[in-house]
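Notes follow once the structure below has been shown.
The values are calculated or read from the model by the stated rules, or taken from the named source; none is laboratory data. Quantities reported herein were computed from a predicted structural model and do not represent experimental measurements. Cβ sites come from the backbone with ideal geometry, for glycine too, and all protein chains shown count toward neighbours. Keep in mind that these areas ignore ligands, DNA and RNA; they rest on the heavy atoms of the full protein, side chains included. Shrake-Rupley method; radii C 1.70, N 1.55, O 1.52, S 1.80 Å.
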Amino acid sequence: VANDIDFATYVHAPWFIQLQGGFGVMVSRDAIRGTDADASGGTNTALTGRLNLTVFPASRFPFELRSEVSDSRTNADVIGDEYRSYRLGITQSYRPESGRDLYTLGFDSSRLVSGRWGTDTVNAFNVTAVRYLDVHTFELSAAMVSNERSDTGDESRLHSITGRHAFQPASSLHVDTMASWHDSSFDF
């Protein structure tokens, strides 16, 4: 049996702080009966929850905090091992008063915990800058992602940097140039 309740509200005004969240409970009962009189089984309870907090969502510097705790047994898409998922994300953006420029900094962390295969942790950090100058658009982004698995000690690291320049002097002419660098390392 699983039940979820979600809500959305704001503090003071919708442009100040927006709050979205939810929680759930899942109760399961396992029973194994054989041909003899012995029976075994157990009852499990799992709590889930999620929260999304956005501060100044319509401003020049919106901040967003996201968190979630879930259980694989509450998701019908997953068949196989049971695990618990923990996620945390933080995003800070800035848009100058004049112009359409945008600067964003973000961090996301995800952890899967299983009694069978341990803990799998992914951390991702990214930064993006977009600058508009007359008929030119410049974009630069960088990302670093790490993945670690506790039971085997396996690790992977991914790094990337991408630069883009767009030039549109007329509606019929558009020149787009991009360069990127990617680095991957694995330790098994």
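The table below gives the values:
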| item | result |
| --- | --- |
| Selection from segment 91-109 of residues that are open to solvent by less than 60 Å² (accessible area, probe 1.4 Å), assigned to a strand (DSSP E or B) and more than 22 Å from SER150 (Cα to Cα) | THR91, SER93, LEU102, THR104, GLY106 |
| One residue from SER185, SER180, SER141 being over 21 Å from the mean Cα position of the chain (by Cα), closer than 20 Å to GLY106 by Cα and in contact (Cβ under 8 Å) with a residue 12 or more places away in the chain | SER180 |
